[in-house]
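Following: one structure in structure tokens, then a few remarks.
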Amino acid sequence: MTNQSNKIAIVTGASRGIGAAIAERLAKDGFTVVINYAGSQAEAEALAARIEAAGGRALSAKADVSDPDAVRRMFDAAETAFGGVDVMVNNAGIMQLSSIADADDASFDRMIAVNLKGTFNGLREAARRLRNGGRIVNFSTSVVGLKLENYGVYAATKAAVETMTAILSKELRGRNITVNAVAPGPTATDLFLSGKSPELIERMSRMAPLERLGQPADIAGTVAFLAGPDGGWINGQVLRANGGIV
Ligand code: NAP
């Protein structure tokens, strides 16, 4: 465990899945964590209570990341409660799969709104307000490399996130803030598992040479590395955490 006891981290989409594992891991590493969620209030509050019971500090904060005012208010709440923000993890995301031929406008617009605009909203606030020496971690996907059928719109939103990651890392020159992206492969959360047959899940589990699905804790460890002292020289990069699938 690294001691980050004076540092504050916001994790978006932290009520469930990968984000919840990130919040738990960063809290264990000594960060004070802001657990953002959109709808799952009970899960977010239960996670905050678990972290506090284990001796950590946590606050749950409702904000739809696609709403710039809501993201601003979340930063305000973090600054009011804890005095500043050091780490921004833009993890919140949604995935609706279909071929490009069959994609509907509502699903296209929603993925752009949450994955791309939502990450932008977090990045803009972080760029303006993160304390010097801070860390930003965005979320892409290994499908940007794999280029699987039916992932066209989803992967396109994440490719845009990768591009903003590299550009923001340069724009923050002089403030000692790193900006990176983590690009998981198939990881055992609702986002990956829901709507897939057991056979498809089994087949996708075996695609990586390590022959298993990623677990949320695998990805949380990757984020903890980038947010912690050992990750300080990594900047402007996309780190694929996927067991070697691509
Ligand atoms: P998940 O299990 O579906 O959890 C998604 C989380 O995001 C939930 O906490 C949800 O909050 C939150 N969220 C959704 N829309 C939001 C919004 N508009 N504003 C704020 N929060 C919102 O997903 P996951 O698998 O953990 O995915 C986390 C990230 O990893 C995503 O960016 C995803 O694209 C990426 N990723 C996942 C995989 C995978 O295989 N799982 C692979 C590659 C990349 P509520 O509970 O309140 O709805």
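The values are calculated or read from the model by the stated rules, or taken from the named source; none is laboratory data. Every value quoted in this text rests on a predicted model; they were computed, and no experiment measured them. Cβ coordinates were reconstructed from backbone atoms using ideal geometry, including for glycine residues, and neighbour counts include every protein chain displayed. Quick note on the areas: whole protein, heavy atoms, side chains included, nothing else; ligands and nucleic acids left out. Shrake-Rupley method; radii C 1.70, N 1.55, O 1.52, S 1.80 Å.
Would you kindly identify the strands (runs of 3 or more DSSP E) lying entirely within region 1-119 that contain at least 3 residues that are under 22 Å from Ala188 (Cα atoms), at pLDDT 95 or above and within 11 Å of the ligand (Cβ to nearest atom)?
32-37
So in region 186-210, with the set limited to residues that are open to solvent by less than 40 Å² (accessible area, probe 1.4 Å) and among the hydrophobic types (A, V, I, L, M, F, W, C), which one is nearest to the ligand (Cβ to nearest atom)?
Phe192
Right, Ala54: open to solvent by 50 Å² or more (accessible area, probe 1.4 Å), touching a residue at least 24 places away in the same chain (Cβ under 8 Å) and out of contact with any Cys (no Cβ under 7 Å at 6 or more places or on another chain) or not?
Yes, satisfied.
Residues that are among the hydroxyl-bearing types (Ser, Thr, Tyr), at least 1 per element: which helices (runs of 4 or more DSSP H) completely within region 162-246 meet that?
Correct list: 198-205, 216-227.
Quick one: in region 131-164, of everything that is within 19 Å of Ser99 (Cβ to Cβ) and either modelled with pLDDT under 95 or in contact with a strand residue (DSSP E or B) (Cβ under 7 Å, 6 or more places away or on another chain) (or both), which residue is most open to solvent (accessible area, probe 1.4 Å)?
Applying the filter and picking the extreme gives Val144.
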